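Values in this text are rule-based calculations from the coordinates and carry no lab data. This structure is a prediction, so every number in the text was calculated from the model and none was measured. Every residue, glycine as well, gets a Cβ built from its backbone with ideal geometry; the counts of neighbours run over all protein chains shown.
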Amino acid sequence: MFEIGYIVRAHGVKGELRVECHAESPDLLRDEVYLPEPRRILESRRAHGVLLLRLEGVESREEAEALRGRPLRIPRARLPELPPGEFYLGDLPGLRVWTQEEGQAEPAYLGVLDRVEVAAGQELWHIVTPGGREALFPAVGELVRELDPKAGRTVICPPPGLLDLYLHED
């Protein structure tokens, strides 16, 4: 299963759901989704730039609100093939993260990429260190030196001091 979005909140009083879709094409949200149980999609539409869904078994605002925050998943087989060198954001969690600052000969192990958030078009990586601390990293092109989901690793080049905010021992 592959997470394609999540339910933001109820929309209206008849069980419609406002959805944040991570895919460029919301056409992937057709037929059915998994919440984790399968739910048939009765209607999918855009209204004022917002994606709205009606799901089988969700007929009231209260039922819709009960699903707030739930991830929407589809079978990975429904995803289109990507050109070489491209990947889905859902492939990134679990990557081992290494840092390599300018002039540093070898990368240093930082931790594991736990999850990816996308806000205002910006990827924000949540990285968990071996000690259990969480570091937030803005994954912009010039700061990501290497990204290889098939090899299970990425090398980042954070600006001086950025990770110190998260990794400083109290």
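Where in region 1-46 are there GluC sites (Glu not before Pro) that are in a DSSP coil and have at most 11 other Cβ atoms within 10 angstrom of their Cβ? Don't jump to the answer; show the numbers that get you there.
Details: sites: 3, 16, 20, 24, 32, 43; in loops: 24.
Filter output for region 1-46: 24.
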- Message: Just to be sure I follow: if Rg is taken over the C-alpha atoms of the chain and Rh is the Kirkwood radius over the same atoms, what is Rg/Rh?
- Response: 1.05
- Query: Which value results for Rg/Rh of region 88-170 when Rg is the Cα radius of gyration and Rh the Kirkwood radius based on the inverse mean 1/r?
  - Reply: 0.93
- Note on the structure: Checking region 53-161 for chymotrypsin sites (Phe, Trp or Tyr not before Pro) in a loop per DSSP with at most 13 other beta-carbon atoms within 10 Å yields 87
- Rounded, prolate or oblate: pick one for region 67-115, where a ≥ b ≥ c are the square roots of the eigenvalues of its C-alpha gyration tensor, a/c under 1.5 means rounded, and failing that, prolate if a/b is larger than b/c, else oblate. oblate
- Query: In nm, to one decimal, how far is the residue 118 label point from the residue 162 one, both placed 7 Å along Cα→Cβ?
  - Reply: 1.9 nm
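Counting only C-alpha contacts under 8 Å and six or more residues apart, can you give the relative contact order of the chain as a whole percent? The partial results should precede the final answer.
On the way: 323 pairs, mean separation 29.5, N = 170.
Answer for the chain is 17 percent.
Kirkwood Rh, region 1-78, all Cα pairs: how many Å?
Details: mean 1/r = 0.0825 Å⁻¹.
So the Kirkwood estimate lands at 12.1 Å.
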